[in-house]
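Peer 1: Here it is, the structure in full.
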Amino acid sequence: MPAFPEAAKVAVRDEVLRGNLRHATGTIRVRRAAAVAELADWAALRAAGAAIKERTLRHLDHYLLQVEERVTAAGGVVHWAADAAEANRIVTELVRETGEHEVVKVKSMATQEIGLNEALAEAGITAYETDLAELIVQLGEDRPSHILVPAIHRNRGEIREIFADRMATWGRPAPEGLTDEPAELAEAARLHLREKFLRAKVAVSGANFMVAETGTLAVVESEGNGRMCLTLPETLISVVGIEKIVPTWRDLEVFLQLLPRSSTAERMNPYTSLWTGTTDGDGPRAFHLVLLDNGRTDTLADTVGRQALRCIRCSACLNVCPVYERTGGHAYGSVYPGPIGAILTPQLQGMEDELAASLPYASSLCGACYQVCPVAIDIPDVLVHLRERAATGGTVTRRGAPARIRPARGHAAERAAMRAARWALDRPAALRVAQRVATATRRLHPRRLPGPGRAWTASRDLPAFPEQSFRDWWTTRNRDDRQP
C-alpha cells in the first residue's frame, strides 16, 4: 500500500465512493446522537468505561492469568500468540487436527489484522465470512473499509452485482432475478449462508469482551450469524486481542450500554452471545482461546499511546471524521481505518514503513473523534505524539525491549524549520528583526511555497503577514497610553 497522501488522492476523485460514504456516515451520526441523548448519565458512563479500561491495562498481566485460569477450569484450552505468524500457525494446526477443510467465521478484526483467511487458504482450508458486510467484501474480493460496516463503500446496486456474479463460486448461487431491494439482498445472503452454518464443524470467532472473573467471552452483533457460529460447530476457536479484557460482570454492564449506542445507535444490540468454556450437550465440544499480542504489549509501554488499547471498536470516530468521510477506509491501508486506525496501526506495526509513518498525519486534528469516543481516547493527543515520533525518531519498545527508530523520510525540512524557529524564539532581538523584515516585504510573499513547502500549500494559502507585528503594536499602544 502507498502512503496515506497518495492513496487519499485517488480516493477523493471517486465520486461514487464519496457519495456512499457521505450518505452512510451522515445517517449513522444523526442516529447515534439521538441514541446517546436519551441517557442523562452518558458522560458518567463514558468516564466509567475509560476508568475501567485504564485500570485493566495497568494490571493486564494479572487479568490475563486470571482469564487463562478460568477458561481452563471451564474446559477450554488457552494458547498464547506473540505475533501474527504464531497466531496463524496455532489456528491452522487446530483446524487440521479436526480433519476439516472449511471454517465459518464470526466477524473478527483480530483475524483480519493477522491475515488469518490467507494463512488458512495456504493450508488448503477455506474460511467463510458470515457477517453480511464481510460476506460482501469476501465475494467482491475486496477489503474492509469500516470497522462496523466493512462494505460501507458499496451501494446496493453494487452489492446486487457482486451477489449475482460471485455467490455461485462460493456456494449457493443468488436467486434468479435478484434486485437491489435490501430485503431481497438479505434473503439471498441468508440462503447462501444457511448451508454453511449447517455443514461447518469448525468456527473461528473474535470477541468484543472477555470477563476475567469467570473466563466468559462475549460477542455482540445484529444479524444472528454470530449465534449460529458459536453454537452449531463442534469446535470453536476464538482469536482475541489481549486488551479485550474487563475484570468483572459489573464492568461488562457498562460497556454493553456504551457500545450499542455508539456503534449502531441502538439501545441494545439484538444479539449478545456469551460462552464460558464447554458444556456437555450444549454448544461446541472443544473450545480454544488464542490470546493475541501482536504489538499490544509494546503499545502498552507507551504512556501516551497506550490509551488506544481502550478502544471497543464502536467506529464512532470514523463516522464523524471529515478525513475518513472523504477518503474512505482503503486509503489507510489497514484493517483499522479512520482516526483510531491512525493511532493504533502505527503502534501495533511500528512506524518504520512509509504507510504507518504517514497515518498520524491523516487527520485535521478537529477533535470530533475525541468528543464521540465512548471510552474517552484522546485521539488528537496521540496523533500529535506519533507525529513527533515520525518527525524526530526516538526510543520505542519492540518485543519488550528498547529500540531506537530513525525519523521517517520526508521530514528533514520540517526539522530544519523547527530548529530555525527555536533559534529565533530563543533570541528576542533576532525575532524582532525577522518580523520587521517579513512585514516590510509582505507584498512580495508568494501564495504558494516552493520545494518541500509545496505539499503544505497545495491545499491552503500561505497566511498573509499583518501590516504590524504584535510586538510593534504593543510597543506603540503603550507609548500612546503614556502620553498626556
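Peer 1: When the label point is put 7 Å from the Cα of residue 285 along its Cα-to-beta-carbon vector, which residues of the stretch 63-107 have a backbone N closer than 14 Å?
Peer 2: 98-100
Peer 1: Assign unit charges at the C-beta atoms only (+1 for Lys and Arg, -1 for Asp and Glu), then state the dipole size of the chain relative to its Cα centre in Debye, rounded to the nearest 20. Mind dumping the intermediate values first?
Peer 2: Numbers: 61 positive and 59 negative charges, 565 e Å.
Here the size comes out at about 2720 debye.
Peer 1: For residue 59 paired with residue 271, estimate the spin-label separation in nm (one decimal), with each label point 7 Å from Cα along the Cα-to-Cβ line.
Peer 2: 3.4
Peer 1: Further question on the same structure: Tell me, what is the 1.4 Å probe accessible area of residue 456, in Å² to the nearest 10?
Peer 2: Its accessible surface works out to 120 Å², give or take rounding.
Peer 1: Nearest 0.05, what FRET efficiency do residue 72 and residue 234 give at R0 = 30 Å with Cβ-Cβ as r?
Peer 2: 0.95
Peer 1: Would you work out which of 51, 355, 90 lies farthest towards the positive end of the dipole of the chain, given +1 charges on the beta-carbon of Lys and Arg and -1 on that of Asp and Glu, about the Cα centre?
Peer 2: 355
Peer 1: If R₀ is 56 angstrom, what is the calculated FRET efficiency for the pair residue 461 and residue 253, using the beta carbon separation as r and rounding to 0.05?
Peer 2: With a Förster radius of 56 Å, E is 0.60.
Peer 1: Give the cross-link partners of residue 196 among the lysines, using a straight C-alpha distance below 22 Å as the criterion and excluding same-chain residues fewer than 8 apart.
Peer 2: 105, 107
Peer 1: To the nearest 10 square angstrom, what accessible area does residue 217 show with a 1.4 Å probe?
Peer 2: 0
Peer 1: Which of the three applies to the stretch 23-161, rounded, prolate or oblate, going by the alpha-carbon gyration tensor with a ≥ b ≥ c and a/c under 1.5 meaning rounded?
Peer 2: oblate
Peer 1: Under 4.7 Å Cβ to Cβ, no partner at all: give me those cysteines from the chain, in residue order.
Peer 2: So, 229, 311, 314, 321, 366, 373.
Peer 1: Also, I was wondering about something else. Between residue 40 and residue 181, how many nm apart are label points set 7 Å from Cα along the C-beta direction?
Peer 2: 4.5
Peer 1: Using the charge dipole of the chain (Lys, Arg: +1 at Cβ; Asp, Glu: -1 at Cβ; taken about the Cα centre), state which of 438, 153, 323 has its Cα farthest towards the positive end.
Peer 2: Working it through, the farthest residue towards the positive pole turns out to be 438.
Peer 1: Would you work out what percent of the accessible area of the chain, with all protein chains in place, is carbon or sulfur (probe 1.4 Å)?
Peer 2: Values: 12510 of 23480 Å².
Ligands and nucleic acids excluded, carbon and sulfur give 53 percent.
Peer 1: Which order do 278, 25 take when ranked by solvent-accessible area (1.4 Å probe, heavy atoms of all protein chains), largest first? Don't skip to the end; give the middle numbers.
Peer 2: On the way: 278 45, 25 0 Å².
In descending accessible area the options line up as 278, 25.
Peer 1: Probe 1.4 Å, all protein chains in place: accessible area of residue 30 in Å², nearest 10?
Peer 2: 100
Peer 1: How much FRET efficiency would the formula 1/(1 + (r/R0)^6) give for residue 439 and residue 474, where r is the Cβ-Cβ distance and R0 is 22 Å, rounded to 0.05? Spell out each step's value before the answer.
Peer 2: Values: r = 14 Å, r/R0 = 0.65.
Step by step, r from the Cβ atoms, then E = 0.95.
Peer 1: Enter the accessible area per residue of the chain (Å², integer; probe 1.4 Å; all protein chains in place). Could the numbers behind the result be given before it?
Peer 2: Values: 23480 Å² over 484 residues.
Ligands and nucleic acids excluded, the result is 49 Å² per residue.
Peer 1: Positive end of the charge dipole of the chain (Lys, Arg +1 and Asp, Glu -1 on Cβ, about the Cα centre): tell me which of 255, 379, 232 has its Cα farthest that way.
Peer 2: In the chain, that residue is 379.
Peer 1: Now, a different point. Can you list the residues of the stretch 143-175 with backbone N under 13 Å from a point 7 Å past the Cα of residue 118, pointing along Cα to Cβ?
Peer 2: 143-144
Peer 1: Find the centroid of the Cα atoms in the stretch 365-385 and in the stretch 33-74, then give the distance between the two in whole Å.
Peer 2: Between the Cα centres of the stretch 365-385 and the stretch 33-74 lies a distance of 19 Å.
Peer 1: Select one label from [x] 47, 26, 22; [y] 49, 25, 18; [z] 49, 25, 21: the one whose number is semi-axes √(5λ) of the Cα gyration tensor in Å as derived from the coordinates shown.
Peer 2: Identified label for the calculated read-out: [x].
The values are calculated or read from the model by the stated rules, or taken from the named source; none is laboratory data. Just so it is clear, the model here is predicted, and its values are computed rather than measured. Neighbour counts are summed over all protein chains in view; Cβ atoms, including those assigned to glycine, are modelled from backbone coordinates with ideal geometry. Side chains included, ligands, DNA and RNA excluded: accessible areas come from the protein's heavy atoms. Shrake-Rupley method; radii C 1.70, N 1.55, O 1.52, S 1.80 Å.
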